[in-house]
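Since every read-out is calculated from the coordinates, none of them should be taken as a lab result. Note that the coordinates shown come from a computational prediction; the quantities given were computed from them, not determined experimentally. All Cβ positions, even for glycine, are placed from backbone atoms using ideal geometry, and neighbour counts span all protein chains on display.
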Amino acid sequence: MKVLILYSSGYGSTKEIAEKISAIFAEQKAIQTTVTSIDNVNAIDDYDGLIIGSSVRADLPLANVRDFIVRERFVLPTKKVAFFAVCLAANCDHGRDEIKKNFIMPVFSKYPEIKLVSMEAFGGKIDFDKLNPVMKNLMIKVLEKTGLPTAGSVDTRDWEFISSWAIETRQKFLGE
Ligand SMILES: Cc1cc2nc3c(=O)[nH]c(=O)nc-3n(C[C@H](O)[C@H](O)[C@H](O)COP(=O)(O)O)c2cc1C
């Protein structure tokens with residue numbers, strides 16, 4: 001089975017999660033994985049399954065991911081597809097549920113023929129020192145809702161949770 005893992009990542013934390021998921025899928029000999037930025041993908045016909053990962057900005061998955069889903073809306077229903085979002089608000093069960101309900105499901109509800117095998121939201125990472133003042137202020141507003149620190153490096157990625165999701169999704173891809 002060939003699985004393509006696509007990510008859209010501004011600062012690299014979503015890319016690192018995509019690479020972790022790819023490594024977990026590749027532990028199974030029956031699976032060949034390719035992991036790449038969604039901007040580099042040409043054709044998806046060769047793949048049996050796709051995992052699409054997007055970071056969240058201003059309460060939406062990134063535009064290149066939304067464009068990809070629109071572009072491939074007739075091909076995606078013929079594949080096994082899973083989706084994950086990465087953002088700071090998904091640092092707890094309640095936050096994850098909100099992200100899934102308010103930001104992931106609306107993207108896919110327009111295309112009911114795309115049946116997601118699995119979807120999840122993962123906590124993200126931000127380095128305040130790398131942000132320009134506009135982005136920094138935006139982030140401070142986002143973080144007010146979460147109670148997380150608003151300076152330095154904040155990493156809420158839960159690698160155990162991510163790994164469990166990857167193993168569970170891999171089993172679903174293999175039909176186990
Ligand atoms: C400009 C900007 C806007 C963001 N907006 C949100 C948001 O609306 N909700 C949220 O929970 N996190 C938000 N974040 C946090 C990112 O989703 C989080 O840092 C994520 O891990 C970034 O992924 P990346 O490293 O792959 O770019 C935002 C980050 C930036 C830089």
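Here are a few things to note about the model shown:
- Taking the chain and dividing mean pair separation by its residue count, relative contact order in percent (alpha carbons under 8 Å, at least six apart): 22 percent
- Loop-located GluC sites (Glu not before Pro) in the stretch 58-157 whose Cβ has at most 14 other Cβ within 10 Å (DSSP): Glu113
- Whole-number percent relative contact order across the stretch 84-174, with pairs defined as alpha carbons under 8 Å at least 6 apart: 34 percent
- Loop exposure criterion: trypsin sites (Lys or Arg not before Pro), DSSP state outside H, G, I, E and B, at most 16 other Cβ atoms within 10 Å. Applied to the chain, the longest stretch between such sites is 30-72.
- Evaluated with a Cβ-only charge set (Lys, Arg +1; Asp, Glu -1), the chain carries a dipole of roughly 340 debye about its Cα centre, given to the nearest 20.
- In this structure, the residue pairs whose Cα-Cα separation is over 18 Å, taken from Lys79/Lys172; Lys15/Lys79; Lys115/Lys172; Lys2/Lys110; Lys15/Lys80; Lys125/Lys145, are Lys15/Lys79; Lys2/Lys110; Lys15/Lys80.
- A DSSP coil position with no more than 11 other Cβ atoms inside 10 Å describes the following chymotrypsin sites (Phe, Trp or Tyr not before Pro) in the stretch 64-101: Phe74.
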